[in-house]
Amino acid sequence: MRCAKWVVAACMSGCTLSEAAKAEEFSLSENLLAGFTRLEKAEDYPDTLTLPQGWATALTKMYARTTKTNREVATCLALSADISEENAKLRDARLVEYGALIRKRLTLPAQEFADQRAALRKRIEEVSVEVSEWSAGTINEGKQWEGSFNGAQCQGGIQGLVHTHPLESDAVHSDKDLQRVMSDNEKLDLVVHKDRVCVFIRDNTNPADSAPKQWELTSGFLSSPAPTSIPKTLESVAAGIVGAFNAAYYCGTIGKPLKKIAPAVEQENNPRVILGAKGLLVILKNSDPVRNISLNFPFTPVLDSAFLAAVAKTVDEPAGEVKTWSGKKIFERLSAVLTKEESAAFGNGIQVPDFRSGTKGRVERSFSCVIQKSVDCEVDRHTTGEYGVVEAHYVESKNFYRIAELQSGDSGRYLLSEVEVGSGTSLKGQGKLIGNQLEMSGPAHFKSDGYEIKGNFDNWVPEGNVQYRSAEDKEWRTGRFENGHLKKTSEVQ
């Protein structure tokens, strides 16, 4: 679709045909990117958006630089346009008038507001402008996970900002990107990764009242139906987040029409978001073992009473109120507690502390899920560059879970539970960190279908004197385990 309203207006105001021929017709995409066409809501934006060739070329060059250094680079995007001083003042005045009209929308009848808005938009677009170049500014190099716009200079009017993401990432706006864009009231913001770009765009006369919360990207991701692609799922979640602020979100290949991304369909009690909420409690408790809660709940995608009681203590809300919350709401309330105490990175999972701020030598914890149809999520503890210790794990295909509560005063001791849900098989007791492996070593209680053993375990195996009983007699007996074999010694009390 071609849009030439302002070109026609230029001729109506006295230009010759040859001058009109010099004036470049704007596509709908270019009108939107330039701010000549204004749209109030995300649903009003077209299905595709095409970047001008000058910008597309600049984006490709930017990522070529990131490919060499694996550092983010950033700059501004500009539109150089010739406009007379008289027309510039006229456009500015009409834009001010447009903003005043928007603020009065609730005081006017709907049809009257729509008519005035349409007429004023037409008057704005009629102001004569002749475009000379779509360009990018000087490239400013940042860090691997942090771009900086300081020092970037553009020739012409700045329309938006753009930065790259490192090789390990994707083109979706990160948790911090979304907060920056909203809190700074930006109109246009782009992220580039390899040959892909995602674009945030909105009417700059419609500022956001507040920024999204940092954890919304993760709560949306975990609430989405079983994802088959991390980037595509995050794109749809980001579209939903910015759509709440009347912005549209586009992603696609640089140089080709970008597709408008539909918001994600969320399930507020999706098994992954419930496990994410439980994972947050594991992170909170094991990062601060003296915290007054216990990890005495199963690490399964169920909102059980023991878990809800621990949530109520953590968020300081009545237990009866917490029982009415969805898994997603619990995840978000626990995320708020976490971010008050520690930095965190939120994306398709969680990492504490935020790896982008430098965590070398610190104990880190993360929650993540395997991208597949069946649910498989875990909490991992590690230090930079070391193999992780699994502190919680749920595997739907095996109907299995593990949960480990770190004991205060001893970083290598845990209360450890491993359970095959539904089979009656479980092992609960004293876990010990041996190297980078968490082993059952100490007093423990083993249950299987029809059999139980209580005693000391060494590397998952009973050793020495034990108590045991079968389902048939239900009486405890004493015995001794040697080399993995039970020797019965006497009947028990």
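The values are calculated or read from the model by the stated rules, or taken from the named source; none is laboratory data. Since the structure is predicted, the reported quantities are computational estimates derived from the model, not experimental observations. In this analysis, Cβ positions are derived from the backbone assuming ideal geometry, glycine residues included, and neighbour counts consider all displayed protein chains. In case anyone asks, the SASA skips ligands and DNA or RNA and just uses the protein heavy atoms, side chains included. Shrake-Rupley method; radii C 1.70, N 1.55, O 1.52, S 1.80 Å.
A few remarks follow.
- Meets criteria (at pLDDT below 95, closer than 28 Å to Pro166 by Cβ and within 18 Å of the chain's Cα centre (by Cα)) for Phe355: yes
- Candidates Arg71, Arg94, Arg38 - the one that is in contact with a Gly (Cβ under 7 Å, 6 or more places away or on another chain) and outside any strand (DSSP E or B): Arg71
- The range 310-320, subset assigned to a helix (DSSP H, G or I) and without any contact (Cβ under 8 Å) to a residue 12 or more places away in the chain, residue surrounded by the fewest Cβ atoms within 10 Å (Cβ to Cβ): Gly320
- Among residues of the range 45-60, those that are open to solvent by 10 Å² or more (accessible area, probe 1.4 Å), in contact with a strand residue (DSSP E or B) (Cβ under 8 Å, 6 or more places away or on another chain) and not in a loop (DSSP other than H, G, I, E, B), counted: 4
- Here Phe299 meets each of (1) surrounded by fewer than 22 Cβ atoms within 10 Å (Cβ to Cβ); (2) at pLDDT 95 or above with one exception, condition (1).
- Where a residue in the range 372-400 is under 24 Å from Thr228 (Cα atoms) and its partner, wherever it lies, is among the hydrophobic types (A, V, I, L, M, F, W, C) and modelled with pLDDT under 80, with Cβ under 7 Å and at least six apart: Lys373/Ala226
Residue-wise test of (1) of a type outside the set (Ser, Thr, Tyr); (2) open to solvent by less than 30 Å² (accessible area, probe 1.4 Å); (3) at pLDDT below 90; (4) assigned to a strand (DSSP E or B).
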position: Lys340; (1), (2), (3), (4): yes, no, no, no
position: Gln351; (1), (2), (3), (4): yes, no, no, yes
position: Thr359; (1), (2), (3), (4): no, yes, yes, no
position: Glu364; (1), (2), (3), (4): yes, yes, yes, yes
position: Lys373; (1), (2), (3), (4): yes, no, yes, no
position: Val379; (1), (2), (3), (4): yes, yes, no, yes
position: His382; (1), (2), (3), (4): yes, no, yes, yes
position: Tyr387; (1), (2), (3), (4): no, no, yes, no
position: Val390; (1), (2), (3), (4): yes, no, no, yes
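- The number of residues in the range 114-169 being open to solvent by less than 50 Å² (accessible area, probe 1.4 Å), part of a loop (DSSP other than H, G, I, E, B), modelled with pLDDT of 75 or more and closer than 12 Å to Glu72 by Cβ comes to 3.
- Which listed residue, of Ala226, Ala247, Ala239, is among the small types (Gly, Ala, Ser) and open to solvent by 10 Å² or more (accessible area, probe 1.4 Å): Ala226
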